Amino acid sequence: MVGGAMMSDSDLTYKVVKGVAAVALGAAAFWSCGFLWDRGLERYAGTGRKGSQWVRKNLKYKPGSTTEYLSKVLKKHSDNRKKRRPRRVYMDGCFDMMHYGHANALRQAKACGDYLIVGVVSDEEILKNKGPPVFSEEERITMVEAVKWVDEVIRGVPYEVSEEFMTQTLFKKHKIDYIIHGDDPCLLPDGRDAYELAKKAGRYWEIKRTEGVSSTDIVGRMLLCYHHFSPLTQRRKVKTKSMENIEHDFSLGGSDDDLSEDEAEQPVTPRSNTRLSNFMPTSRRLIQFANDCKADKDSKVVYIDGAFDMFHPGHAKILKQAKALGDYLIVGLHDDDVISRSRGRHYPIMSLHERSLSVLACRYVDEIIIGAPQQITKELLTVFNISIVAHGTVYESEVAEDHYALAVEDGIFVEIQSESKLSTGEIVKRILSNKDNFEAKFARKSKTEAAYYEKKKFVVEQ
């Protein structure tokens, strides 16, 4: 009894319930305000290069004014939020015949978040949904792991993002926030969208596809040149030849010696280079791929040169080995004409600018020289402060006797034991040995590409 009155059990219960409800309501309001605040900052303040652009545009940003202070506060809060909960994004693909288009897609995907996980589709899934791959699963994984924007790789993922894979593997196990894919359609054999469930879940993020290149396009370049150098009668004969001879004829643009007198008199389709790319190089693309780092005065600079055509696992492995020799790796890329003279008129498959982007995307490379000199010179060694000149034990073309003479004379030449025997010529053999399947695949894909470009709309690149 207090003050002559006693509080009943019902009154006490009522006050407790009321208090708990008030606390819960307050917590909900606090959380809602925080959520809206974070989303507002994410939309209007942004992070990185987009940071505070809304403030600059709408509040007439002026250095030294209140708007500058507000801009810094908003960016600091956004950066702190990013540190508390890094955004994890996922992108998958076959990544067969890996090229700079794949690398640019991975670059854009990384720009959508903080931690990029990449799923590599298994050989069985590719065969079932798209046809035979050129590279094995292990070779494709090697290539993806070598891309500098990739943080983690998941092996053997399904071609279709199924309900179970999406919820159990991606969302629960790997804590994925968004699933990324290009603006080109990815259809299953039955016509369904492979990312339909991700879109319905509201966790799908679309990026711009890189124009001018695709794995099918690269295969098509080689198939087209094969038809150019080989008239119908010769193509029937060529089936009985060894793959070494086929690749040799491909590189030379055909061999008239293989034809009979009657066949030689028949009109032959004009021989053509393989450089049929629609790729349009820009300074912006090079800047996006370039590394923002330079060698210090005391850095041990390693130099390795070559064609690096059809950038493949063998290239990735030798560059990793070369980087291990020092602190800073420079890659010299030879001109197209230089490669054509040494390997044949149908080489290189990829142009100099295309090869430059593929090499720049490699995590082991710090800098490239576009159109590197054909031989090691004193000027080259001095200008770039090169300590080691390296080359693998696999030589895809004959090397001039004086190419590395100065490096050998100075005692700085190192020959690295190549871990892979793979070469660009070997890739050509793989494709030509399975020509019929790849031609059928190319024909199907060409129709899909035409439909895509007919309906294509402008998409802002990340």
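Shown here for segment 297-363: trypsin sites (Lys or Arg not before Pro) in loop regions (DSSP other than H, G, I, E, B) with at most 12 other Cβ atoms within 10 Å, namely Lys297. Near Ile126: Cβ cut-off under 10 Å, other residues only, Lys/Arg at +1 and Asp/Glu at -1. The net charge is -2.
When Tyr100, Tyr404, Tyr14 are sorted by how many other C-beta atoms sit within 10 angstrom of their C-beta, beginning with the fewest, the order is Tyr14, Tyr404, Tyr100. Ranking of Asp327, Asp366 by neighbouring Cβ atoms within 10 Å, starting from the fewest: Asp327, Asp366.
Rounded to the nearest 20, the Cβ-based charge dipole of segment 286-340 about its Cα centre (Lys and Arg +1, Asp and Glu -1) stands at 360 debye.
For segment 88-210, the Cβ-based charge dipole about the Cα centre amounts to some 460 debye (Lys, Arg positive; Asp, Glu negative; other atoms uncharged). Could you sort out which of Lys175/Lys421; Lys76/Lys175; Lys72/Lys200 sit more than 32 Å apart by Cα distance in this structure? Distance filter (> 32 Å) returns Lys175/Lys421; Lys72/Lys200. For segment 283-422, a simple Cβ point-charge model (Lys and Arg +1, Asp and Glu -1, everything else neutral) yields a dipole of about 540 debye relative to the Cα centre. In terms of surrounding Cβ atoms within a 10 Å radius of their Cβ, Phe95, Phe438 rank from fewest to most as Phe438, Phe95.
Any read-out appearing in this document is the output of simple, stated calculations on the displayed coordinates, not a laboratory observation. Only a predicted model underlies this, so the values are computations on that prediction, with no experimental measurement involved. Because the Cβ atoms are built from the backbone with ideal geometry, glycine has one as well, and the counts that use them run over all protein chains shown.
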